[in-house]
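Participant: Okay, handing you the structure first.
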Amino acid sequence: MVGLAQNTPPYKAPRTADGKPDISGIWQAMNEANWNLEAHAAGPAVVNANGAMFAVPPGIGVVEGGEIPYLPEARKKQQENFANRLKLDPENKCYLGGVPRMTYMPYPFQIVQNPKTILIAYEYAGGVRSVNMGKPTEPPADSWMGWSNGKWEGDTLVIDVTGLNDQTWFDRAGNFHSDALHVVERYTPRSADTMMYEATIEDSKTFSRPWKISMPLYRHVEKGARLMDFKCVEFSEEFMYGHLRRGADQSKTK
Amino acid sequence: MNRRFAPFAMAALASLFATFVMAQNLKPADKPASAKQSNIPRTADGKPDLSGVYSNAQSIPIQRPANLGAKEFYTPEEVAANAARERRAAEVGVHYDTSQFGLGAGQSKTSATLRTSVIVGPEGRVPALTAEAQKIQQQRRAVNAEHQWDSAESRPLAERCITWGFEGPPMMPVGYNSNLQIVQGAGYVAVIQEMIHDTRVIPTDGRAITDNVPQWMGESTGHWDGDTLVVETKNFTTRTAIQQAPTSDALKVTERFSRIDANTVLYQFTVDDPKTWVKPWSGEYTMTKIDSPLYEYACHEGNLGLANNLSGARAQERRAAEAKK
């Protein structure tokens, strides 16, 4: 998916009171990136492989240039991750998804905007990021959602994300990173109800060069749209702690 | 005195002086001023700007100690004596060093108040439970008594990192991780509790509550009443508890946020659930701006305690079974 941003028609977003583009609202990606950032054919479900309900939908991919530039050893690890994805994908444990994954998981997120802070609240796992629009600050420690410093470049919100831990994945296909991950996100309004999202991903322990994903985001325009509860902890408990249930077979450990 | 505590004790002294100044203002602010405040930040549309990072840590308990009876306010002299007594208590001997976890007295900013309890009124306590609520509470306890170690879902919601129960509404000051952030944008006010990063994005256009799918923190709608943001919340799940009381599908919470000066938000709430309590009850406190950002409280992601508790219970069962052989 190359060049979408270049094809974007000139568009001037409505302004907030302080003259910045107004990107507040409820947004969601509409693609298959959460199954695999790279182009992929449809495939069977990781569980219930005889049924179609949880099968993998096909995707044209969101990586510029098509392929993620892994170092050779890292590509091997991604393939191992893929083979063991049911057990290893942090999404299956309801862990916070990290950046950029939370943006294109199949759940909406809401932006609340003021001159000093841009809040991004995600429906998935109730994740939240508070983007500091003031003088950039250093991350106090590594975390799941990282540390976000934002600024406006014309009509584009640029967020520099550091302090990310090495526990999150990019998708359900085992695409991963180390704690050297540095993400620069760009949110650019392209019409009243769409904006372009780009993320440049840099991690010299895992990739041979920085690489970029891009995709449109769509506004929820339906009446009454709002974030709802997706506190998925309770849906992950049998998977995570079922072997510790009274009467369960203790020899099976997770 | 433990040297580590010295700077905090100084900070406590300094805040004591602030207490006197603010407390004078606070007593009449029992009802927030309806006149337009001049000394507060405002957004471009003229509304008070509630944005900021706050601590809602309190020096007073949620319920009034029984020995205080109907005494709703301390005198400034009594507040000073209480603070001095707490400082002396913190200085005594060897104790668990809470300061390394940021929980030491003086490490979190505590709001100044003359109140004797968060709950207001002559009683200052949560009213009696209805017969129905008592029955539900007893049933839950009976189930728990035999099965509390069976599996993850039989453990308390807080231990499972689902909700601690005080993130609100109503937001209760419990003295542990009391930090929250308010982000105010056009049409919405978001309240982020550091605790389990629980977030409410509250519309401020006064829209109706849909009442369709019950939510852990209910469904909130807000509107401005002069300089006060009024938030009504209904549509709660019946799986949570407030002050150990099992709340019902009739629960309604009304909150009032008033920025009373550059650093302070007066927070008032009323809890009304006729199936649970014999009458509605109300509370208030102030939250104080702090100079720190919120940090990520990734509770479930680091939850070793739950797995350890369950595997401990299983180990005890195995040991008991072996002892019988």
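Participant: How many residues does the stretch B:142-152 contain that are under 21 Å from B:Ile242 (Cβ atoms) and either assigned to a strand (DSSP E or B) or within 9 Å of chain A (Cβ to nearest Cβ) (or both)?
Facilitator: Summing the residues that are under 21 Å from B:Ile242 (Cβ atoms) and either assigned to a strand (DSSP E or B) or within 9 Å of chain A (Cβ to nearest Cβ) (or both) in the stretch B:142-152 gives 0.
Participant: Looking at the stretch B:167-182, is at least one residue more than 9 Å from every other protein chain (Cβ to nearest Cβ), among the β-branched types (Val, Ile, Thr) and in contact with a Leu (Cβ under 6 Å, 6 or more places away or on another chain)?
Facilitator: Yes.
Participant: Also, quick follow-up: Tally time: how many residues in the stretch A:149-164 are free of Cβ contacts under 8 Å to residues at least 40 places away in the same chain and either under 19 Å from B:His300 (Cβ atoms) or within 14 Å of another protein chain (Cβ to nearest Cβ) (or both)?
Facilitator: Total satisfying the criteria: 4.
Participant: Continuing with this model, one more query. Applying the selection to the stretch A:201-228, what residues are among the polar types (S, T, N, Q), buried (at least 18 other Cβ atoms within 10 Å of the Cβ) and farther than 13 Å from A:Thr103 by Cα?
Facilitator: A:Thr206
Participant: Looking at A:Gly65, A:Gly98, A:Gly43 in this structure, which one is at positive phi, surrounded by 13 or more Cβ atoms within 10 Å (Cβ to Cβ) and not aliphatic (A, V, I, L, M)?
Facilitator: After ruling out the rest, the residue left standing is A:Gly98.
Participant: Filter the stretch A:231-249 down to the residues that are in a loop (DSSP other than H, G, I, E, B) and surrounded by 17 or more Cβ atoms within 10 Å (Cβ to Cβ), then identify the one that is nearest to the other protein chains (Cβ to nearest Cβ).
Facilitator: A:Arg245
Participant: Right, here's the next one. Quick check on this structure: which one of B:Tyr285, B:Tyr267 is aromatic (Phe, Trp, Tyr) and touching an Asp or Glu at 6+ places or on another chain (Cβ under 7 Å)?
Facilitator: B:Tyr267
Participant: Please specify each residue of the stretch B:267-289 satisfying the condition of being away from chain A (no Cβ under 14 Å) and of a type in the set (D, E, K, R).
Facilitator: B:Asp272, B:Asp273, B:Lys275, B:Lys279, B:Glu284
Participant: Further, regarding this structure: Search the stretch A:1-19 for residues that are under 16 Å from A:Trp211 (Cβ atoms) and pair each with any residue that is loosely packed, with under 14 Cβ neighbours inside 10 Å and at pLDDT 55 or above when their beta-carbon atoms are under 7 Å apart and the residues are at least 6 apart or on different chains.
Facilitator: A:Met1/A:Ile60
Participant: For the stretch A:133-145: of the residues being crowded, with 19+ Cβ neighbours inside 10 Å and at the interface with another protein chain (Cβ under 10 Å from one of its Cβ atoms), which is nearest to B:Ser51 (Cα to Cα)?
Facilitator: Restricting attention to the stretch A:133-145, the residues satisfying the condition of being crowded, with 19+ Cβ neighbours inside 10 Å are A:133, A:143-145.
Those still in the list that are at the interface with another protein chain (Cβ under 10 Å from one of its Cβ atoms) too: A:143-145.
Values: A:Ser143: 24, A:Trp144: 24, A:Met145: 22 Å.
That would be A:Met145.
Participant: A further question on this structure: Kindly list the number of the only condition in (1) surrounded by fewer than 16 Cβ atoms within 10 Å (Cβ to Cβ); (2) touching an Asp or Glu at 6+ places or on another chain (Cβ under 9 Å) that fails for A:Gly163.
Facilitator: (1)
Participant: Moving on. Out of all the residues in the stretch B:171-198, which are in a strand (DSSP E or B) and touching a residue at least 12 places away in the same chain (Cβ under 8 Å)?
Facilitator: Answer for the stretch B:171-198, where residues must be in a strand (DSSP E or B) and touching a residue at least 12 places away in the same chain (Cβ under 8 Å): B:Asn179, B:Leu180, B:Gln181, B:Ile182, B:Val183, B:Gln184, B:Tyr188, B:Val189, B:Ala190, B:Val191, B:Ile192, B:Gln193.
Participant: Of all the residues that make up the stretch B:140-186, how many are modelled with pLDDT of 95 or more and on the phi > 0 side of the Ramachandran plot?
Facilitator: Qualifying residue count for the region: 1.
Participant: Can you pull out the residues in the stretch B:245-267 that are under 18 Å from B:Glu167 (Cα atoms), of a type in the set (Val, Ile, Thr) and not in a loop (DSSP other than H, G, I, E, B)?
Facilitator: Scanning the stretch B:245-267 gives B:Val253, B:Thr254, B:Val265.
Participant: B:Thr270: surrounded by fewer than 20 Cβ atoms within 10 Å (Cβ to Cβ), of a type in the set (S, T, N, Q) and assigned to a strand (DSSP E or B), yes or no?
Facilitator: When the stated conditions are applied, B:Thr270 passes them.
Participant: Additional query: Kindly check whether there is at least one residue in the stretch B:260-271 that is over 24 Å from B:Gly175 (Cβ atoms) and modelled with pLDDT of 95 or more.
Facilitator: No, every residue in the stretch B:260-271 fails to be over 24 Å from B:Gly175 (Cβ atoms) and modelled with pLDDT of 95 or more.
Participant: State whether one or more residues within the stretch A:55-62 are within 17 Å of the chain's Cα centre (by Cα) and closer than 24 Å to A:Ile111 by Cβ.
Facilitator: yes
Participant: Please indicate, with yes or no, whether at least one residue in the stretch B:199-221 is of a type in the set (Phe, Trp, Tyr), at the interface with another protein chain (Cβ under 10 Å from one of its Cβ atoms), assigned to a loop (DSSP other than H, G, I, E, B) and within 22 Å of A:Phe109 (Cβ to Cβ).
Facilitator: Within the stretch B:199-221, one or more residues are of a type in the set (Phe, Trp, Tyr), at the interface with another protein chain (Cβ under 10 Å from one of its Cβ atoms), assigned to a loop (DSSP other than H, G, I, E, B) and within 22 Å of A:Phe109 (Cβ to Cβ).
Participant: Find the residue count for the stretch A:199-229, including only residues that are within 11 Å of chain B (Cβ to nearest Cβ) and out of contact with any strand residue (DSSP E or B) (no Cβ under 9 Å at 6 or more places or on another chain).
Facilitator: Final tally of qualifying residues: 2.
Participant: Looking only at the stretch B:290-325, which residues are within 13 Å of chain A (Cβ to nearest Cβ) and outside any helix (DSSP H, G or I)?
Facilitator: Those that are within 13 Å of chain A (Cβ to nearest Cβ) and outside any helix (DSSP H, G or I): B:Asp291, B:Ser292, B:Pro293, B:Leu294, B:Tyr295, B:Glu296, B:Tyr297, B:Ala298, B:Cys299, B:Asn303.
Participant: Then there's this: Any idea which residue in the stretch B:279-312 is farthest from B:Asp198 (Cα to Cα), counting only those that are of a type in the set (Gly, Ala, Ser) and surrounded by 19 or more Cβ atoms within 10 Å (Cβ to Cβ)?
Facilitator: From the stretch B:279-312, those of a type in the set (Gly, Ala, Ser) are B:282-283, B:292, B:298, B:302, B:305, B:307, B:311-312; that's our starting set.
Filter once more, so that each one left must be surrounded by 19 or more Cβ atoms within 10 Å (Cβ to Cβ): B:283, B:298.
On the way: B:Gly283: 21, B:Ala298: 11 Å.
So the residue we want is B:Gly283.
Participant: Confirm whether B:Arg160 is within 14 Å of B:Leu306 (Cα to Cα), at the interface with chain A (Cβ under 7 Å from one of its Cβ atoms) and basic (Lys, Arg).
Facilitator: Details: within 14 Å of B:Leu306 (Cα to Cα): yes; at the interface with chain A (Cβ under 7 Å from one of its Cβ atoms): yes; basic (Lys, Arg): yes.
When the stated conditions are applied, B:Arg160 passes them.
Participant: Out of all the residues in the stretch A:180-192, is one or more buried (at least 20 other Cβ atoms within 10 Å of the Cβ), of a type in the set (D, E, K, R), away from chain B (no Cβ under 13 Å) and assigned to a strand (DSSP E or B)?
Facilitator: Yes, because at least one residue in the stretch A:180-192 is buried (at least 20 other Cβ atoms within 10 Å of the Cβ), of a type in the set (D, E, K, R), away from chain B (no Cβ under 13 Å) and assigned to a strand (DSSP E or B).
The values are calculated or read from the model by the stated rules, or taken from the named source; none is laboratory data. Please read all numbers here as calculations on a predicted model, not as lab measurements. Because the Cβ atoms are built from the backbone with ideal geometry, glycine has one as well, and the counts that use them run over all protein chains shown.
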